[in-house]
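Everything on this sheet refers to the single structure shown next.
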Amino acid sequence: MTICISFISQKGGVGKSTLARALAREANEQKLNVKVADLDTQQGTVINWHRRRLHSNYPPVGSVESFKTADQALKNIDNYDLLIIDGPARASKATLDIAQQSDIVIQPTGASMDDLEPAILLFHELFKAGIPKSKLYFALCRIGTDSELDACREYLGQTGYNILGGCLFEKPAYRQTQNLGLSILETSYQSLNKRADELIQSIVDSIKSE
Ligand SMILES: Nc1ncnc2c1ncn2[C@@H]1O[C@H](COP(=O)(O)OP(=O)(O)OP(=O)(O)O)[C@@H](O)[C@H]1O
Ligand SMILES: [Mg+2]
């Protein structure tokens, strides 16, 4: 059975493509057969990153392709263990489609109220449209400090949606490593790789519990 995991948000720049790339890299390390579907056809972030990755002779992260819709991405995936969908920043019918087709839906969010409130609203909308809460996970991204992280966890904890373990701190090194075609698990700093790995392993755990 192929597990489908998607990254969605209404806001842009929250970390969808960053987590999708890291998860693809980790799943490949774990010998899973991975397909990444880049549904953000306007930006093609993962497509372009994978091209940079291959150009620099870093190991591929599986099959990376661009699709217009979740339905198209789901065709001919029987040979894959994992389909990772990188969605566009939108709260639209297309976002609901992606969520309906996914076993796990991850929404990265920053720590400010400006980020948290629309993030919670989007999960409320998906829940009202019939997506079970058990499928919906927040990922805490671009966090500044430990106290910001604690406040964010406490606030989101009241919503009843899942929150992934670990978080991604805001670090220029994460950007720079992705510029090179590497993932946030592959920076030159062991401590940053370890922090990123906590979050990605929490995603892997959610896949294993499927
Ligand atoms: N934790 C972080 N620290 C520093 N830079 C980050 C971090 N997470 C993401 N970035 C950078 O922020 C930008 C946006 O990240 P990313 O592309 O993952 O977001 P996105 O949600 O996919 O955005 P979009 O909605 O535009 O598709 C990228 O340049 C990325 O390298
Ligand atoms: Mg993106």
Legend entry - Exceeding the 25 Å Cα-Cα cut-off - candidates Lys31/Lys194; Lys93/Lys194; Lys16/Lys208: Lys93/Lys194
Legend entry - About the Cα centre, charge dipole magnitude for the chain (Lys/Arg +1, Asp/Glu -1 at Cβ), debye: 480
Legend entry - Extent along principal axes [Cα atoms of the chain; Å; largest to smallest]: 44, 38, 32
Legend entry - the stretch 3-205, relative contact order in percent, only Cα pairs under 8 angstrom and at least six apart counted: 26
Legend entry - Dipole axis of the chain (+1 Lys, Arg; -1 Asp, Glu on Cβ), positive-most option in Gln178, Thr95, Leu136: Gln178
Legend entry - Theoretical gain in end-to-end length, Gln158 to Asp78 [0.36 nm per residue, Cα-Cα removed]: 25.0 nm
Legend entry - Contact order relative to length of the stretch 111-203, as percent, for alpha carbon pairs under 8 angstrom and 6 or more apart: 25
Inset, instruction - May I ask you to compute the full-extension gain from Lys194 to His55, defined as 0.36 nm times their residue separation minus their alpha-carbon distance, rounded to one decimal in nm? - result: 47.4 nm
Legend entry - Net charge, Ile207 excluded, C-beta distance under 11 Å - Lys, Arg +1, Asp, Glu -1: -4
Legend entry - Distance (nanometres) between label positions extended 7 Å along Cα→Cβ at Arg175 and Ala94: 2.6
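Read-outs: derived from the displayed coordinates by stated rules, not from any lab. Computed from a prediction, not measured in an experiment: that's the story for all the values here. Cβ: placed from backbone, ideal geometry, glycine included. Neighbour counts: every protein chain shown.
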